[in-house]
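Asks: Take this structure first; my questions come after.
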Amino acid sequence: EVFRDYAESIEAEHEVREKVRDKLRVIETLARESSAMLQHVHQPSGFAKIADITAQAERHLVDQIRPALAELSSSVPASQFYRYYAMFNYTLMRLCHLCSLIHFLKEGQLLTRAATAQDWLQIGQSRADGFYLEVDDYLGGLIQTSNELARFAVNCVTNQDFERPVQICEFLSTLLAGFRLLNLKNDNLRKKFDSLKYDMKKVEEVVYDLSI
Amino acid sequence: EVFRDYAESIEAEHEVREKVRDKLRVIETLARESSAMLQHVHQPSGFAKIADITAQAERHLVDQIRPALAELSSSVPASQFYRYYAMFNYTLMRLCHLCSLIHFLKEGQLLTRAATAQDWLQIGQSRADGFYLEVDDYLGGLIQTSNELARFAVNCVTNQDFERPVQICEFLSTLLAGFRLLNLKNDNLRKKFDSLKYDMKKVEEVVYDLSI
Amino acid sequence: EVFRDYAESIEAEHEVREKVRDKLRVIETLARESSAMLQHVHQPSGFAKIADITAQAERHLVDQIRPALAELSSSVPASQFYRYYAMFNYTLMRLCHLCSLIHFLKEGQLLTRAATAQDWLQIGQSRADGFYLEVDDYLGGLIQTSNELARFAVNCVTNQDFERPVQICEFLSTLLAGFRLLNLKNDNLRKKFDSLKYDMKKVEEVVYDLSI
Amino acid sequence: EVFRDYAESIEAEHEVREKVRDKLRVIETLARESSAMLQHVHQPSGFAKIADITAQAERHLVDQIRPALAELSSSVPASQFYRYYAMFNYTLMRLCHLCSLIHFLKEGQLLTRAATAQDWLQIGQSRADGFYLEVDDYLGGLIQTSNELARFAVNCVTNQDFERPVQICEFLSTLLAGFRLLNLKNDNLRKKFDSLKYDMKKVEEVVYDLSI
Amino acid sequence: IQQFQEHARILDEKNDKYERIVKLSRDITVESKRVIFLLHRITCEDDKPAVLGEAEIKLGDIRKRLWYYVASELVNEDPYKFLRAYTGGLQEYVEALSFYHYICYDELISWEKVQEELHFQRNAHRPKDEVKDPLDPKAAQARETIPTKEQTEDEDAGDSVSVAIQEEAHPEPKSDSSGGNTNLKGSTAKKSLQVLVPKTDFVLGLADLTGEVMRQAINFIGLGNTQACFDLMEFLHAMHDGFLDVGYRHDMRREMSRKINVLNHSLQKVENACYSINV
Amino acid sequence: IQQFQEHARILDEKNDKYERIVKLSRDITVESKRVIFLLHRITCEDDKPAVLGEAEIKLGDIRKRLWYYVASELVNEDPYKFLRAYTGGLQEYVEALSFYHYICYDELISWEKVQEELHFQRNAHRPKDEVKDPLDPKAAQARETIPTKEQTEDEDAGDSVSVAIQEEAHPEPKSDSSGGNTNLKGSTAKKSLQVLVPKTDFVLGLADLTGEVMRQAINFIGLGNTQACFDLMEFLHAMHDGFLDVGYRHDMRREMSRKINVLNHSLQKVENACYSINV
């Protein structure tokens, strides 16, 4: 019977989904912890130990998130990456955000997609690698970082750091230039691009305030 | 006739609902009055007498709202708390908000759930106590307070108080750190969390403006 | 940290929900099987063996659904019946429907709520019994049965059974008279009541067609 | 203060509404009972005693509904009939339906608006009379009667009464002719008019079936 | 069957009257918006006399040329019956009138004042035939042509009406705790005309006023008139207190809570503006 | 910054490919509807040979002219990546094919059969350049002009493909319990092309089939062919059983439960029709 066959196939799919969901839940909890750590940089008390906070968040990412991500990756059948993509899509974006934020706090620079995928998350860079980092997710993560940095620029000034806002301003203008190259069909990315423009404006105002 | 029995049971439920609705109406009127009092802290004329306003609102809460809440509590059959929960849910949230706002204005600190339930509202803390304060409602109330305080920070500056905004900023950042730990499945709370992030940013900008 | 406590309570609720969801899934699968069996009465091939089909469905209900329901019942904390009510609400309605349909096919009569709860599903009849059968769910189930019987009346005629439609017509008119006595505040039930009126009209037309 | 005055005025309005709602609830329960009585004419058992049923329903209307309606009428301030109109609008329509149905079952004829208002419900016929019967409500009630009679025509045949369907057919065609004279701007009435056309068609089919 | 001809007549009359009032209400809305727009042209004390004078004339026109005809339609009708037809125009009118009043007298207009303005003594001469037969299509046509500028200065119904008001002084109880001055006293009903102003519509109009006040405050900042901005904030705080006092009840119309939300936003905009002045 | 040029390229390629597949899918939908319309022309046994022959040719055309190009686009892609782009066309195609199959063989088509039909061996000669460079705008243009009638009889890719299928027999496991034949085996992936048919889309297409069967049944009644109507009712009952077996799970796509509702209505319409025959 044609239907019995189908019932089995949705059962099988359901099982994969359950497994993916479980793995995801672990990663999301870890990602929340990571965000919480990094939040401290906004606070007076945390501002003095940015290097420590960053190092701690990086260790957490390497030691805990990375293996959890490897488990997720192995629970998605390689040839069916896009079948389950919508499930972990947003989480990958968030992880990219964490990577690029930590990297910026350490180095003051933009983290490339290649480096995010290979060095930080240790997942593939293209379809041939199986579980991999889509361009959309990488870009989405960068926008989250831009939102966070716009806020950070304000708090830097409050904490008497007048250099970092300039650095952030440069970072955002690089990002904005990059995004301008994209032909944004994707509505979702387009909306995010708008928020990037807004962040840029905000940080420029901060830099302007500092210059007078 | 078998249906006559059901007609009665529907009627009985209807009566409980009517009673709960009546009690709620009283509380809501009182809560509105309380909000109206507290609104004065935003105004130039009220700014000078914050302590008076706070004391008055506290007395109103203890003398009037608390007994009205006790009446509501006794009109909900203990075993059916969750059956009517959706009716008074929002009102409880608002009362939590009032408590935490008054407490912050007095002490500059966060009011815990235990204190809200036990010392301020005098209702239960867990299901075993019958009518009790759900975590969700407590958290929802805190978010309302955060909204109010973000506005208050702005008005403090207008009224030449440059210290309170810093205090509010700390309060919000504590709150934000707490919320980050929660795995917010509840869509409603998630939206409120977003509003909290927005308030935080707003107040940070106020503190920033003060610092330059 | 005060929030860690809340995170746990949210987690705990989440676990109950997961458990309830698992148990429900089993019941729903069984209920679907049961429906599928009963569907055969509409078909020419099944029409001859209505008694067999009914007996099989009854055995399935007693041997499989009932124990599964017992498991569900034990996974809902008695004091929080209404907290999770919205989760299993619809499923209970469906079980009531199955009971009353089987009963009608066997006996040609309406199954009371007491009998449904006690003899068929073996759950409570009132809040004091913990997990119990709400009037609304019982009534909702009856309406589903009325929808099914209206269709069945048509198929009876197709299969040359001219007596059962009259029996169905009487059943529906009893049901309709009962529903008329209820003061239906519940919008959901009111809509269902309209569908019952429609079924009545439909079956009356079948009886009319038979009379000429 | 301008607002205090307004608060008082809505309080006053609220009280009138509460009172109207109470009176309405009584009438609706009575109207449901009346409908339930009249339902019996559709059933084999009731078919033989149509005259009794009709007489009983009429007595119920005169002895119980009419005084309840008088109470409602007196709770609506005469000059503010339309302020509360939306509250009792639908109920008045239903009472008109009951009157015209009883009258048809007794006399086989259409009840005029004047007779409905004056002789049956004892309320006014025009604005000058205070609480009065709007044309819209009278017409809406007639449509409900037409729906009921279309169903009744079918059941008459089932119960071997071949004359009444012809009488119903004439009644509906009079009604239809009347409605055609109206310039139906009112969307609500227009929809009802469609249902009237449908009823007419149905009853014509019944009469056609009888003629062959 | 001929009773249906009667039904048809009643329904048609009602619908036609409703449509005519809706049309008048739309004209009132448009004209009231013009008044508000005009009042926003005030940037300093010196502007006031000219602008306020013009606004007063325009408001008088609205009253005499539009409300008067609404009132004529409502003679011997239950005032609430056609309320939905003119509620839109009424709220906009209250917004314009209260804005004008606030700028003139620095205070909130009272409900009594608004209701009084829409109370007319019927002129025994000219408008008589129009009013007596509101269904006459020619009369309706004539009315439609009236609200054009060229006729503004004509000696007509409106002028004698404004005189009539002076004479009447306080012809009806001005405060009515049941929520609106709704008693059409048998004796005066036939002589005096009025458009009922339900307090709810009055308050909804006031809620709209807060949006205008906010816009004015922002304008003042642009012009560097910061003290005026602080004054307006105080006024908005008072309005806000007022609305809190009324309280948002459960059974309050959704329209009201929407407007209260707008009020809150207006207030916060002005607060933020005042904050930015102080930083 | 230049990494963004790379990002831009990747995003553009993806979007362009997606758009091309959507376009093909729309054409497939249109052509499949034509097949269904054609099949409804059958009113008795005698009509069958001619109509079925024409339908077979049309279905072959859809396969060779449209699906082949979809398959070409999907080479070396994750099959699920572009599923949303062609799911509409696929369901309509399944509906047409299964309707054809039901009329021919009086049975439900199997998933294996549908999947097999969309499995192609790449022709080494002509379409090669098109396929190897699917981004070449000229190739895309050439493709767009293909599905016109005049070219139907040309010796082209499609024909050699159908031969290729014969040769290949069963190149891949035909049943895959994980819900779809999705393994692109390294060895064959480069030589054979296929369009993945997820079982869900297959079943959704079958659900649509029931609507056609219902329409046919009603037609038959009009033609007095009552036995055929009863037969179709039985077929629908069997389908209905099948769907009940699958069960409507909670996490089932809304699309499915909507279609099951339509199925229920179709079945009841046919039941009512059969009832009216019997009365």
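Asks: Hey, among B:LEU139, B:LEU176, which residue is surrounded by fewer than 22 Cβ atoms within 10 Å (Cβ to Cβ), in a helix (DSSP H, G or I) and either within 14 Å of chain C (Cβ to nearest Cβ) or not β-branched (Val, Ile, Thr) (or both)?
Replies: Answer to the check: B:LEU176.
Asks: Tell me which residues, restricted to region F:3-18, are without any contact (Cβ under 8 Å) to a residue 24 or more places away in the chain and more than 9 Å from every other protein chain (Cβ to nearest Cβ).
Replies: Of everything in region F:3-18, just one residue is without any contact (Cβ under 8 Å) to a residue 24 or more places away in the chain and more than 9 Å from every other protein chain (Cβ to nearest Cβ), namely F:ARG9.
Asks: Another question about this same structure. Please work out which one of (1) under 26 Å from B:ALA31 (Cα atoms); (2) surrounded by fewer than 22 Cβ atoms within 10 Å (Cβ to Cβ); (3) not assigned by TED's automatic domain parsing to the domain that holds B:HIS40 is the condition B:LEU149 fails and give its number.
Replies: (2)
Asks: While we're here: Which residue, of E:LYS58, E:LYS23, E:LYS48, E:LYS33, is in contact (Cβ under 8 Å) with a residue 60 or more places away in the chain and over 27 Å from D:TYR6 (Cα atoms)?
Replies: That would be E:LYS23, the only listed residue that is in contact (Cβ under 8 Å) with a residue 60 or more places away in the chain and over 27 Å from D:TYR6 (Cα atoms).
Asks: Do you know which residues across region C:82-119 are surrounded by 16 or more Cβ atoms within 10 Å (Cβ to Cβ), more than 14 Å from chain B (Cβ to nearest Cβ) and within 30 Å of B:GLY130 (Cα to Cα)?
Replies: Of everything in region C:82-119, those that are surrounded by 16 or more Cβ atoms within 10 Å (Cβ to Cβ), more than 14 Å from chain B (Cβ to nearest Cβ) and within 30 Å of B:GLY130 (Cα to Cα) turn out to be C:THR91, C:LEU92, C:MET93.
Asks: Going by the conditions given, is A:ILE10 buried (at least 17 other Cβ atoms within 10 Å of the Cβ), away from chain F (no Cβ under 14 Å) and either more than 16 Å from the chain's Cα centre (by Cα) or in a helix (DSSP H, G or I) (or both)?
Replies: Spelling it out, it is not the case that A:ILE10 is buried (at least 17 other Cβ atoms within 10 Å of the Cβ), away from chain F (no Cβ under 14 Å) and either more than 16 Å from the chain's Cα centre (by Cα) or in a helix (DSSP H, G or I) (or both).
Asks: From the list B:LEU121, B:LEU111, B:LEU142, B:LEU105, which residue is assigned by TED's automatic domain parsing to the domain that holds B:SER74 and under 30 Å from E:CYS274 (Cα atoms)?
Replies: Selected residue: B:LEU105, the only one of B:LEU121, B:LEU111, B:LEU142, B:LEU105 that is assigned by TED's automatic domain parsing to the domain that holds B:SER74 and under 30 Å from E:CYS274 (Cα atoms).
Asks: Go through region F:84-108 and give me each residue that's over 19 Å from F:MET256 (Cα atoms) and in contact with a His (Cβ under 8 Å, 6 or more places away or on another chain).
Replies: Result: F:GLU107, single match.
Asks: If you check A:ASP199 against the conditions, is it surrounded by 19 or more Cβ atoms within 10 Å (Cβ to Cβ), charged (D, E, K, R) and part of a helix (DSSP H, G or I)?
Replies: In short, yes.
Asks: State whether the residues of region F:22-36 include one that is in a helix (DSSP H, G or I) and closer than 30 Å to A:ARG113 by Cα.
Replies: Yes, region F:22-36 contains at least one residue that is in a helix (DSSP H, G or I) and closer than 30 Å to A:ARG113 by Cα.
Asks: Taking region D:122-148 only, how many residues are closer than 15 Å to D:HIS103 by Cα and without any contact (Cβ under 8 Å) to a residue 24 or more places away in the chain?
Replies: Going through region D:122-148 one residue at a time, the tally reaches 0.
Asks: Looking at region D:158-170 only, could you name the residues that are assigned to a helix (DSSP H, G or I) and open to solvent by 10 Å² or more (accessible area, probe 1.4 Å)?
Replies: Result: D:THR158, D:ARG164, D:VAL166, D:GLN167, D:CYS169, D:GLU170.
Asks: Of everything in region D:13-25, what is more than 7 Å from every other protein chain (Cβ to nearest Cβ), over 22 Å from C:ASN183 (Cα atoms) and crowded, with 16+ Cβ neighbours inside 10 Å? Give them in sequence order.
Replies: D:VAL16 - this is the single residue of region D:13-25 that is more than 7 Å from every other protein chain (Cβ to nearest Cβ), over 22 Å from C:ASN183 (Cα atoms) and crowded, with 16+ Cβ neighbours inside 10 Å.
Asks: On to the next question. Would you check if E:GLU54 is surrounded by fewer than 16 Cβ atoms within 10 Å (Cβ to Cβ) and either in a helix (DSSP H, G or I) or not β-branched (Val, Ile, Thr) (or both)?
Replies: yes
Asks: Turning to a different aspect of this structure: Could we say that B:THR91 is at pLDDT 95 or above, assigned by TED's automatic domain parsing to the domain that holds B:MET200, part of a helix (DSSP H, G or I) and β-branched (Val, Ile, Thr) here?
Replies: no
Asks: Could you check region D:46-81 and list, in sequence order, the residues that are open to solvent by 30 Å² or more (accessible area, probe 1.4 Å), closer than 30 Å to E:PRO198 by Cα and over 19 Å from the mean Cα position of the chain (by Cα)?
Replies: If the condition is that a residue be open to solvent by 30 Å² or more (accessible area, probe 1.4 Å), closer than 30 Å to E:PRO198 by Cα and over 19 Å from the mean Cα position of the chain (by Cα), then D:SER74, D:PRO77, D:ALA78 are the ones that fit.
Asks: How do the pairs read when you match residues in region C:169-192 that are touching a residue at least 40 places away in the same chain (Cβ under 8 Å) with residues anywhere that are outside any helix (DSSP H, G or I) and open to solvent by 30 Å² or more (accessible area, probe 1.4 Å), using Cβ under 8 Å and keeping only pairs 6 or more apart or on different chains?
Replies: Between residues of region C:169-192 that are touching a residue at least 40 places away in the same chain (Cβ under 8 Å) and residues that are outside any helix (DSSP H, G or I) and open to solvent by 30 Å² or more (accessible area, probe 1.4 Å), the close pairs are C:PHE171/C:GLN109; C:PHE171/C:LEU110; C:THR174/C:LEU110; C:LEU175/C:LEU110.
Asks: Criterion first (surrounded by 22 or more Cβ atoms within 10 Å (Cβ to Cβ) and not in a loop (DSSP other than H, G, I, E, B)) does A:ASN155 satisfy it?
Replies: yes
Asks: Still on this structure, please answer the following. Could you list, in sequence order, all residues of region B:179-212 that are farther than 26 Å from A:VAL207 by Cα and aromatic (Phe, Trp, Tyr)?
Replies: Within region B:179-212, B:PHE179, B:PHE193 qualify.
The values are calculated or read from the model by the stated rules, or taken from the named source; none is laboratory data. Not measured: the values here are computed from a predicted model. With ideal geometry, Cβ positions are generated from the backbone for all residues, glycine too; neighbour counts draw on all protein chains shown. Accessible surface areas use protein heavy atoms only, side chains included; no ligands, DNA or RNA. Shrake-Rupley method; radii C 1.70, N 1.55, O 1.52, S 1.80 Å.
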